[in-house]
Amino acid sequence: MTQVRTLTKPVLSANRMLLMLLASIALMLTAAQGARAQNMPNSFADLAAEVSPAVVNITTSTVLNRPGDQLNAPQSSPFDDLFKEFTDRNNGDRPVPERRGTALGSGFIISADGYVVTNNHVIEDADEIEIELRNGKKLVAVIIGTDARTDIALLKIEADEPLPFVNFGNSDEMRVGDWVLAIGNPLGQGFSVSAGIVSARGRELSGSYDDFIQTDAAINRGNSGGPLFNMKGEVVGVNTAILSPSGGSIGIGFSMASNVVSGVTDQLEQFGETRRGWLGVRIQTVTEDIASAIGLEQASGALVTDVPAGPAADAGIEAGDVIMRFDGEEVDSTRELVRLVAKTGVGASVRVVVFRDGGTETLLVTLGRLEEAVLVSADGGSTLEPAEAQQFSIQGLLLGQLTPEYRERFMISSETSGVVILEVEASSQAAEKGLRAGDVITEVSQNPVNVPKDVVDRIEAARDAGRRSILLLVRSSGSGRFVALTLAE
């Protein structure tokens, strides 16, 4: 019996310990579920009630150019005179009836004195703009300014009393998976609320300044210009576009990030137009091949392909430089540089860190204004035209001297100097990289070339030095780009 008790007692204690452990795990799971439940709203009703008074419906009216009862024949057709005679006889001196078209959209009030944000495409070409408030009151709006690059417009309405308004939030704080609320006027149905999550960040659709939040909150036609809210009731996006084969929501909507919109609306309110900074460079993405060819440790930054007359040229930035930092901020990509420059004030002096010849240099640049910038082609230098044009084949390329005949054949500007590509082997790496007959190689390893032998010598020198790839600056139709080719053994 004693032995049984001795054996049984530890067994009972182990069972108790197991039960206590299971109970603890259950409590932990319950607590975790409770914490998650706190992050999942039971209802969006309070939030919708709080912010909806600042959301407006927008109706625009436009005079159509085509009269409704006018007959037309193709110009210079045999029936042209007949149609004109018929129209003149039947219309006489009667005025042509005016035809008007209407469009619907959404917007939101951002100040008590009546500034309203919407999409530019909602009010573009409109003759009359009517704003309907949540309480049903209708007011006439005037356009303060528009920005086609970000598809944003700022309107103004006048009311007898202060208007309800909403504030912009920090769109950079939004994470994939965060809850969002969209409010607007879908399909002309009036005030409507839809909820969803942030599906993706940093989407680009068509513009250099695009920074869209993708959401699965239902967005349809008529929602354009309406706000996308975070759970604090702050505007984090302006609903702009949807991806849909049918025209209706399939859960892929795009809202322009508030950090872009707020900067644009500030300038529109202050100046009636945008005044973006202008650096004055043409840039391209740094690929792994290009990074290897120029000795850059990782593929980041923005590679300068052209420096026309402007702020960058005045500061000493050169083609082949890789811009690594701008005004103290890291430049990870070309898109990042575009945004950083655009949000910097006109006339501001900023420090730009570039990677050049294996090291970094810091240059001071005073920005111009993008809207006033005139792109001037860089001087290509003199063109050498020896009596005997030489040809060389290397890396799948047939290279030729840039003679007047080749300029005429490939329509190459007289300002462009370098070595013309006459043929590209279809199966070569050069063809895969997009090189074509008529392209002009202006630099190899960031050194100018004027005759085919220059290209050959540069490539052979890189191979002898143990380099695995070579960097070419190539011009096509007047535009430059860098191409990195892996050197054949």
| Which ³J(HN,Hα) values, rounded to whole Hz and listed in residue order, are derived for the stretch 141-151 from phi using the Karplus coefficients 6.51, -1.76 and 1.60 in 6.51 cos²θ - 1.76 cosθ + 1.60 with θ = phi - 60°, glycine and proline given as x? | 10, 10, 8, 7, x, 9, 9, 5, 5, 10, 6
| said: Limiting things to C-alpha atoms, what are the Rg and the maximum Cα-Cα separation (Dmax) for the stretch 206-338, in angstroms? | reply: 18.8, 52
| Label points 7 Å out from Cα along the Cβ direction at Ser61 and Ser413: separation in nm? | 4.9 nm
| said: For a quick check: sort Leu243, Leu364, Leu370 by the number of other beta carbons within 10 angstrom, fewest at the front. | reply: Leu364, Leu243, Leu370
| request: Determine the equivalent ellipsoid of the stretch 391-486 by diagonalising the alpha-carbon gyration tensor, then write out the semi-axes as square roots of 5 times the eigenvalues, largest first, rounded to whole Å. | output: 20, 14, 12
| query | Under the Kirkwood approximation for Rh and a Cα-based Rg, what ratio Rg/Rh is obtained for the stretch 277-372? | reply | 0.94
| task | Report the dimensions of the stretch 110-172 along its three principal axes from the alpha-carbon atoms, largest first, rounded to Å. | result | 34, 34, 17
| task | Could you please report the charge total around Gly320, scoring K, R as +1 and D, E as -1 over all other residues with beta-carbon less than 11 angstrom from its beta-carbon? | result | -4
| query | Between Ser349 and Glu330, what length comes free when the chain is fully extended (0.36 nm per residue of separation minus the Cα-Cα distance, one decimal in nm)? | reply | 5.1 nm
| Isotropically averaged projected area of the stretch 179-242, using the convex hull of Cα atoms (one quarter of hull area), nm² | 4.1 nm²
| query | ³J(HN,Hα) across the stretch 153-159 via Karplus (A = 6.51, B = -1.76, C = 1.60, θ = phi - 60°), whole Hz, x for Gly/Pro? | reply | 10, 10, 10, 9, 10, 10, 10
| task | Distance from a point 7 Å along Cα→Cβ of Thr362 to each backbone N in the stretch 311-326: keep the residues under 18 Å and list them by number. | result | 315-317, 322-326
| request: Could you compute the FRET efficiency for Arg275 and Thr102, with r as their C-beta to C-beta distance and R0 at 22 Å, rounded to 0.05? | output: 0.10
| request: Specify the inter-centroid distance of the stretch 159-198 and the stretch 270-301, based on alpha-carbon positions, in whole Å. | output: 33 Å
| Using mean Cβ contacts within 10 Å as the protection proxy, how do 218-231, 170-183, 102-115 order, highest first? | 218-231, 102-115, 170-183
| request: Identify all aspartates and glutamates with a Cα-Cα distance to Lys137 below 17 Å; exclude those on the same chain that are fewer than 8 residues away in sequence. | output: Asp113, Glu128, Glu158, Asp160, Glu161
| field | the stretch 143-270: Rg to Rh, with Rh as the Kirkwood radius over Cα pairs | value | 0.95
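Here, each number is a calculation from the coordinates, and none is a lab measurement. Computed from a predicted model, the values in this text were never measured in an experiment. Note that we place each Cβ from the backbone using ideal geometry, even for glycine, and neighbour counts take in every protein chain shown.
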